[in-house]
Amino acid sequence: MKISGKVYVAGHRGMVGSALVRQLQARGDCEVVVRTHRELDLTDQAAVAEFMQAEKPDVVILAAAKVGGIWANNTYPAEFIYENLMIESNIVHQAYRSDVKRLLFLGSSCIYPKLAAQPMREDALLTGVLEATNEPYAVAKIAGIKLCESYNRQYGVDYRSVMPTNLYGPNDNFHPENSHVIPAMMRRFHEAMLNEAAEVVVWGSGKPMREFLHVDDMAAASLFVLELDEAAYQANTAPMLSHINVGTGRDVTIRELAETMAKVVGFKGQIGFDATKPDGTPRKLMDVSRLADMGWRASIDLEQGLRDTYAWFLAHETELRGKEGH
């Protein structure tokens, strides 16, 4: 099914949502509909119902979510589970009531059990205990998958779910205190380069392995899954195990990431590792064979993706610092 008509992208200001909007607009074959949080509060059921009935989108992409790092998830667990459950419930239900036949829900790799076998397959879902620090967020994302599957079963709609690995790229969060590993490391190496520092010390041993996917690849994969004909999608999924992992299928050590980051940023000093700091999970890799069997693979390698992201960071550095009050 070629995407056409009116496409509502919820969460268009986020990293993934903005990448989706860029790619949809570049294609020029559909009308992209967006609303800011000020214009539409997605936790407000009546407001979402009114919006959906007025706009009548043909396709909905649900990329909106309350997100944050470990500190935020630990500090505001009620907000993370409530707001995400409300966003998903309101959009999925009102999409159905507005006769939207196809919807794509974007989840997270944190849906999988803390001790899931590596690489993590889709059928690892609901087989073990979740990571405690972000359990409320993960439960909400699991509920989003099950919402889509339940509406498919009962109402015959075609609502799909994709689960990305660790994402990075333009419009990432580069805040010094609550950003994820790539933007946090990029900013540290950038500042060390500017200050001609002799060394950058990275938390942990450098041995843990992580998988990283450029957000433009994520957007491309999302549109690929959304446009698969129904028979091809159903041939590779099951009614109550329908979500699809999205990643590169390859991981790197944190040491390798740091070395590549130094190269991209132009930092010439030493790279140290503070093994007294926690490493976290030894490995977190997605099994992407289901998506590969459908015909899609990531195309942006890590160094290329980091160079693209660093160029965006340099172009927006003043703006980013202004938002932080610097």
Using only DSSP helix segments of four residues or longer, with each worth -39500 (n - 2.57), what per-residue ellipticity at 222 nm results for the chain after dividing by its residue count and rounding to 500?
-14000 deg cm²/dmol
Calculate how steeply helix 215-227 sits against the longest principal axis of the alpha-carbon atoms of the chain, using the helix alpha-carbon long axis, and give the answer as 0 to 90 degrees to the nearest 10.
20
Under 11 Å, Cβ to Cβ, from Glu55 - net charge with Lys/Arg +1 and Asp/Glu -1:
0
Quick calc: nm separation of the 7 Å Cα→Cβ label points for Ala231 and Arg307 -> 4.3
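Given the peptides 117-124, 168-175, 133-140, arrange them by the average over their residues of other C-beta atoms within 10 Å, most packed first.
133-140, 168-175, 117-124
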Can you list residues whose amide H is under 5 Å from Phe273's amide H, if they're 5+ apart or on another chain and H is modeled 1.01 Å from N?
Val202
What distance in nm separates the two pseudo spin-label positions at Lys2 and Arg321, each 7 Å out from Cα along the beta-carbon direction?
4.8
What trypsin sites (Lys or Arg not before Pro) in the stretch 1-65 are in a loop by DSSP, with at most 12 other Cβ atoms within 10 Å of the Cβ?
Lys2, Arg38
Once you place label points 7 Å from the Cα toward the Cβ at Gln118 and Cys30, how far apart are they in nm?
3.6
Alpha-carbon centroids, the stretch 255-316 and the stretch 1-68: separation in whole Å:
29
Net +/- balance of residues flanking Glu31 in space, Cβ distance below 11 Å, scoring K and R +1, D and E -1
-2
Length added when fully stretched, Lys263-Thr281, from 0.36 nm per residue minus Cα-Cα
3.9 nm
Return one number: the angle in degrees, 0 to 90 and rounded to the nearest 10, between the long axis of the Cα atoms of helix 15-27 and the longest principal axis of the Cα atoms of the chain.
60
Quick one: length gained pulling Leu126 to Asn195 fully straight, 0.36 nm per residue minus the C-alpha distance?
20.1 nm
Can you tell me, using C-alpha contacts under 8 Å and at least 6 residues apart, the relative contact order of the chain as a whole percent?
19
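Report relative contact order for the stretch 199-326 in percent, whole number only (criteria: Cα-Cα under 8 Å, sequence separation at least 6).
Computed value for the stretch 199-326: 44 percent relative contact order.
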If you fit an axis through the alpha-carbon atoms of helix 77-97 and take the longest principal axis of the Cα set of the chain, what angle between them do you get, 0 to 90°, nearest 10?
30
How much length is gained on full extension from Ala47 to Glu177, taking 0.36 nm per residue of separation minus their Cα-Cα distance?
43.4 nm
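Please give the net charge around Met218, taking every other residue with its beta carbon less than 14 angstrom from that of Met218, where Lys and Arg add +1 and Asp and Glu add -1. Walk me through the numbers before you get to the answer.
Working: positive: Arg22, Arg297; negative: Asp172, Glu211, Asp216, Asp217, Asp308.
Result for the neighbourhood of Met218: -3.
No lab work stands behind these numbers, since they all come straight from the coordinates. Because the structure is a prediction, the values reported are computed rather than measured. Cβ sites come from the backbone with ideal geometry, for glycine too, and all protein chains shown count toward neighbours.
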